[in-house]
Amino acid sequence: MRIVLLGAPGSGKGTQAANLVEKYGITHLSTGDMLRAEVSAGTELGVEAKKIMDAGQLVSDDIVLGMIKNNIESIDGGFLLDGFPRNLNQAEALDSLLSGIDQPIDKVIFFDVPFEIIKERLLSRGRSDDNEETIEKRRKVYESETAPLINYYTKQGKLVTVEGVGDVTEISQRIFKALS
């Protein structure tokens with residue numbers, strides 16, 4: 001099974017990723033983790049990414065897609081993508097990449113959570129970057145960049161919407177039911 005997690009920051013993607021990996025025996029591919037691993041290993045992509053990050057810039061989609069491709073080609077079985085794609089250009093590039101290696105996305109799980117609940121969750125985490133101003137900026141970026149992916153994947157017949165409110169176990173059960 002090849003899955004993409006989609007939802008606003010604080011919607012529960014990270015929490016549920018672990019449950020999905022355990023249930024389905026798939027590999028969790030977090031773009032942040034991949035980036036750190038490539039840099040740490042000193043790979044060609046890692047060296048290139050480090051230069052960009054050291055300059056305070058965002059790593060290009062091409063580099064991220066290269067890392068995703070390398071990781072997918074090195075695993076047996078399915079995967080769960082968390083943190084990518086974040087916009088339509090990335091989704092189209094990902095689809096192209098995955099169809100080229102015959103590993104298309106099976107399902108996209110959209111965590112539907114009202115903004116007020118997301119805000120409460122983020123503020124309760126106690127991280128220094130989880131303040132009202134930052135949360136509002138993230139919400140605006142999500143709505144303009146990432147939310148259009150809901151329609152993109154709906155048109156492909158891959159989107160599964162799961163209510164992301166309630167007990168962690170309840171939400172996991174909703175996801176498992178939606179995927180079966």
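Derivation of every value follows stated rules applied to the coordinates shown; laboratory data play no part. Because the structure is a prediction, the values reported are computed rather than measured. Note: ideal-geometry Cβ built from the backbone for every residue, glycine included; neighbour counts use all protein chains shown.
Miscellaneous remarks
- Cleavage-rule hits (trypsin sites (Lys or Arg not before Pro)) in region 28-93: DSSP loop, at most 12 neighbouring Cβ within 10 angstrom: none
- When Rg and Dmax are taken over the Cα atoms of the chain, they come to 16.3, 45 Å.
- Cα-Cα pairs of region 83-134 separated by more than 11 Å (percent): 77 percent
- Charge tally for VAL141 (other residues, Cβ to Cβ under 14 Å; Lys, Arg +1; Asp, Glu -1): 0.
- Mean residue ellipticity (222 nm) of the chain, computed from DSSP H runs ≥ 4 via -39,500 (n - 2.57), nearest 500: -17000 deg cm²/dmol
- Net +/- balance of residues flanking LEU94 in space, Cβ distance below 11 Å, scoring K and R +1, D and E -1: 0
- Binned Cα-Cα distances of region 18-92, short to long, each 10 Å bin given as a whole percent: 18, 49, 28, 5
- This ranking places THR27, THR146 by how few other beta-carbon atoms lie within 10 Å of each, fewest first, which gives THR27, THR146.
- Each of SER180, SER172 was scored by other Cβ atoms within 10 Å of its Cβ. Arranged with the fewest first, they read SER180, SER172.
- Put simply, the Cα atoms of region 35-141 extend 40, 35, 24 Å along their principal axes, the longest span coming first.
- Computed from the Cβ-Cβ distance with R0 of 35 Å, the FRET efficiency linking ARG125 to ASP76 stands at 0.55.
- Over 32 Å apart at the Cα level, from the set LYS50/LYS137; LYS13/LYS69; LYS50/LYS155; LYS23/LYS69; LYS69/LYS119, are LYS50/LYS155; LYS69/LYS119.
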